[in-house]
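Structure record follows, encoded as structure tokens.
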Amino acid sequence: MVVKCEQVWHEISNYLEGDIEPALRSAMDEHFRTCKRCSSVLEGTRNVIRLYGDERMMEVPSGFGRRLERRLAKNARVTGGRWSVWSTWLIPVAALVLFAGGLRLANSLTSGPELKSEHAQPGQDIPPDMLVVVTTDAKVFHVAGCDFIHNKETERTLTAKEAMREGYVPCLRCMREFLHTAKAGSSALGSEADADIDADETHRHGGE
Amino acid sequence: MVLNNPVVRNPVQDAATTREQDLIARVQRGQTELFYELVKPYERRVYAAAFAILRNETDAEDVAQEAVLKAFANIRQFRAEARFSTWLIQITVNEALMRRRRERTVVMEGIDDRRDEESDYAPRDFADWREIPSEALERKEVRQKLAAALASLDRKYREVFVLRDMEQLNIQETAAALGISVASVKTRLLRARLMLRDLLAAGWEQGWFSRLPFEKGNKPW
């Protein structure tokens, strides 16, 4: 392949980019070896790329970097940055969630699991491995055979420890001996809890 | 000289890239105070890109700052597949083009802008080329002459040349940044390079580069 000067000038930029076919590159290499004018154009173009590619050619006004840094800092102060705007509400919310979580954890450590009946009393000194019975939708656990077990077809046997972990409370009838109110002699509270469970069970029983 | 050399691993460059990636990750995680550190190595390039398009120091600086703020606001969208410098320069070019459109300065461009891009450009000066060494750039008047030669190019040639040969974007990135075809980038780049070569050759004859160190009898050619 033989190339003319005009074709070399037309392709000289692609030649420098390495963006030409190998056959054309070889032909141009050969041309440069023999054509003083084209080799002058090639060297001159290389020189242009080298000189202008030098970072010293990119002059910035005096103090440019300092002003840019100041503006960035000012922007960060004013807006806090786009995602920092989120943080203005995200951080308090996260803190609240953590606080609430902590509170719940503290409660769980001090008060045990959340009770299914808010008026009920957790049992005391109930043997953890004692087998008890619970039923679906009920709030209390019973000793097997208790007369106050309703909805018996959904009966499930588990240990007292597991029942309490699930939030069940002792039956005021069959588990009376383990109730805090009974031991403390707080009849008012005991009555209230008793009434609550009775009402609950009566209501459900009535609804069946 | 082939510009698109195959990638040769450079330990210094690798370390710089790793450090940059680390900085990006930290800024994305919220250490926003590190953003300037991330941008600092490219601040000259950001300004040069804005200036190439706007040709006004005040506007260029303002747009450069706006572009950096925009990059800061969008840093979480930056993906590691791209080069950070390219991403930053593309944002800058976009900001500068928007500013120019807003201020309608395009009509002030020279008559050459309307010339057919496909027409051939023939080099004018075939005098023996004398290499201008990089040390010449230490002299302010040399830099000013080169900057004046670049400024004399029509906008469409100047912009492509600056993005490709000064900002080191590749052909495709240059095309994408300016919203023109790859073919147009290649044509304009060829023209810009040859015109600058002619201007420098003429400048040499006019004594632009006189009193350079190598002229004291120690000629490198």
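Of the numbered conditions (1) surrounded by 15 or more Cβ atoms within 10 Å (Cβ to Cβ); (2) modelled with pLDDT of 80 or more, B:Glu131 fails exactly one; give the number of that condition.
Among (1) surrounded by 15 or more Cβ atoms within 10 Å (Cβ to Cβ); (2) modelled with pLDDT of 80 or more, B:Glu131 violates only (2).
Residues checked against (1) surrounded by 15 or more Cβ atoms within 10 Å (Cβ to Cβ); (2) facing chain B (nearest Cβ under 7 Å); (3) in a helix (DSSP H, G or I):
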| position | (1), (2), (3) |
| --- | --- |
| A:Val2 | no, no, no |
| A:Asn14 | yes, yes, yes |
| A:Leu24 | yes, no, yes |
| A:Gly44 | yes, yes, yes |
| A:Arg66 | no, no, yes |
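Answer yes or no as to whether B:Arg197 is modelled with pLDDT of 90 or more, under 22 Å from B:Glu138 (Cα atoms), at the interface with chain A (Cβ under 9 Å from one of its Cβ atoms) and in contact with an Asp or Glu (Cβ under 9 Å, 6 or more places away or on another chain).
yes
Can you tell me which condition B:Leu88 does not meet? The list is (1) over 20 Å from A:Glu55 (Cα atoms); (2) in a helix (DSSP H, G or I), and all the others hold.
Only one criterion in (1) over 20 Å from A:Glu55 (Cα atoms); (2) in a helix (DSSP H, G or I) is unmet by B:Leu88, namely (1).
Does B:Val93 meet the test of being part of a helix (DSSP H, G or I) and more than 14 Å from the chain's Cα centre (by Cα)?
So B:Val93 fails the test.
Quick one: which of B:Leu69, B:Leu38, B:Leu34, B:Leu23 is more than 12 Å from chain A (Cβ to nearest Cβ) and among the hydrophobic types (A, V, I, L, M, F, W, C)?
B:Leu23
Please go through the range B:68-101 and pick out each residue that is of a type in the set (Asp, Glu) and under 16 Å from B:Leu163 (Cβ atoms).
The one that is of a type in the set (Asp, Glu) and under 16 Å from B:Leu163 (Cβ atoms): B:Glu95.
Residues of the range B:114-128 being in contact with a Lys or Arg (Cβ under 6 Å, 6 or more places away or on another chain) and at pLDDT below 70, which ones?
Hit for the range B:114-128 is B:Phe126, nothing else.
Check whether at least one residue in the range B:51-72 is in contact (Cβ under 8 Å) with a residue 60 or more places away in the chain, in contact with a helix residue (DSSP H, G or I) (Cβ under 6 Å, 6 or more places away or on another chain) and of a type outside the set (Val, Ile, Thr), and report yes or no.
Scanning the range B:51-72, I find at least one residue that is in contact (Cβ under 8 Å) with a residue 60 or more places away in the chain, in contact with a helix residue (DSSP H, G or I) (Cβ under 6 Å, 6 or more places away or on another chain) and of a type outside the set (Val, Ile, Thr), so the answer is yes.
The values are calculated or read from the model by the stated rules, or taken from the named source; none is laboratory data. Model, not experiment: these values are computed from the prediction. Because the Cβ atoms are built from the backbone with ideal geometry, glycine has one as well, and the counts that use them run over all protein chains shown.
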